[in-house]
Amino acid sequence: MPEMPEVETVRRGLMKIAAGRKIVGIDVHYGKTIENDVEEFRQALIGQTIKRIDRRGKYLLFRFTNDLTMISHLRMEGKYFNQKTGSPIDKHTHVVFHLDDGTDLCYHDTRKFGRMHLVKTGTEMEYGGLRTIGPEPTERDFKLDYFERILGKSRSKIKPFLLNQSHVAGLGNIYCDEVLWQTKINPEQPANTLTHKQAAALRKNIIHEIAVATKYKGTTVHTFTNAFGNAGAFQEKLVAYGHVGDRCPRCGTKMVKIKVAERGTTFCPHCQPLVEKK
DNA sequence: GGCCTTGTTTTTTA
DNA sequence: ATAAAAAACAAGGC
């Protein structure tokens with residue numbers, strides 16, 4: 001469930017614990033985490049230094065010396081933390097990077113869904129979801145005229161539309177439900193039926209929500225922790241996600257949970273009515 | 001042990 | 001041919 005604010009929080013933590021460190025050894029305990037040949041992956045990285053960590057959408061990009069970039073996607077439950085070399089390795093820790101400062105950078109993933117892919121720097125945008133990734137959800141990159149243009153072209157329900165990373169990067173199930181509640185838009189509203197006013201408000205709320213959640217160091221649902229093993233604080237601010245049966249803070253109506261595009265979706269049936277207009 | 005979870009990719013349908 | 005919907009997939013927790 002790490003969405004953009006969580007991934008950005010992880011990136012900032014990694015910059016503190018891993019940037020500038022040299023890899024002196026790598027242990028891979030679950031090979032499928034690595035998309036490359038595991039031995040080639042190890043040999044290519046041992047001796048290299050992590051220059052910095054970038055992020056695009058929900059993808060982390062570890063920049064190494066030697067023109068190597070490691071694309072890392074946490075999927076549902078991936079997390080990084082560091083511990084002293086020699087500390088016990090948890091059974092869900094699948095990759096251990098031994099660093100030159102006497103610590104291990106551990107990749108831990110209960111579901112084993114996360115993946116790492118080592119590629120040549122400069123070619124990273126040719127892999128997987130990065131090929132078609134949309135703009136970052138920021139004032140600067142996510143322009144209103146672009147948003148209105150792609151909304152108008154789509155008959156898709158607005159919720160799966162927003163989950164599609166090629167439209168705008170970074171939103172997942174949680175923030176999607178939140179911004180639709182904030183904007184009073186029904187998750188099943190067809191994208192091309194949104195008014196100019198709704199599109200503008202939705203864009204504003206997306207940008208604002210992501211920025212605030214990032215400021216709060218992300219949302220901890222289930223087990224998300226940042227690179228220091230700390231939980232985020234934003235879950236206390238959630239109104240929709242995880243609040244089925246609670247009363248809507250705006251109108252007092254009980255929040256309802258349905259499935260939209262096979263995803264659990266919580267919304268207020270009073271504030272977010274489905275209106276067929278065009 | 002069937003079902004739930006979510007992000008992404010693949011397959012099917014319209 | 002295209003877009004959208006549906007299904008598949010990853011795997012562990014309960």
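Net charge dipole, the range A:4-132: roughly 420 debye, given to the nearest 20, about the Cα centre with Cβ charges of +1 for Lys and Arg and -1 for Asp and Glu. 3J(HN,Hα) couplings calculated from phi for the range A:29-43 with the Karplus curve 6.51 cos²θ - 1.76 cosθ + 1.60 (θ = phi - 60°) are, in sequence order, 9, 9, x, 5, 4, 8, 6, 7, 4, 4, 5, 5, 4, 4, 5 Hz; Gly and Pro show x. With respect to chain A, whose longest principal axis is taken over its alpha-carbon atoms, helix A:196-215 is tilted by about 30°.
Kirkwood-type hydrodynamic radius, chain A: 19.8 Å, calculated from all non-identical alpha-carbon pairs. Which of rounded, prolate, oblate describes the range A:4-132, given a ≥ b ≥ c as roots of the alpha-carbon gyration tensor eigenvalues and a/c under 1.5 marking rounded, otherwise prolate only if a/b is larger than b/c? Judged from the Cα gyration tensor, the range A:4-132 comes out rounded (a/c under 1.5). Summing charges over neighbours of residue A:25, with a neighbour being any other residue whose Cβ is under 14 Å away from its Cβ, gives -2 when K and R count +1 and D and E count -1.
For chain A, the longest principal axis of the alpha carbon atoms and the long axis of helix A:4-17 meet at an angle near 20°. Backbone N atoms of the range A:243-257 closer than 20 Å to the 7 Å Cα→Cβ label point of residue A:110 belong to residues A:243-244. The angle between the Cα long axis of helix A:173-183 and the main principal axis of chain A comes to about 30°, on a 0 to 90 degree scale. Computed over chain A, the per-residue total of -39500 (n - 2.57) for DSSP H runs of n ≥ 4 gives a 222 nm mean residue ellipticity of -7500 deg cm²/dmol, rounded to 500.
Simple spin-label estimate for residue A:43 and residue A:154 gives 4.4 nm between the two label positions (7 Å along the Cα-to-Cβ direction from each Cα).
Averaged over residues, the count of other Cβ atoms within 10 Å places the peptides A:161-167, A:175-181 in the sequence A:175-181, A:161-167, highest first. Both radii were evaluated on the Cα set of the range A:76-203; the Rg over Rh quotient, with Rh as the Kirkwood radius, amounts to 1.12.
Throughout, read-outs are computed from the coordinates displayed, never taken from laboratory work. Remember, predicted model here, so these are calculated numbers, not experimental data. Positions of Cβ are backbone-derived with ideal geometry, glycine not excepted, and every protein chain shown enters the neighbour counts.
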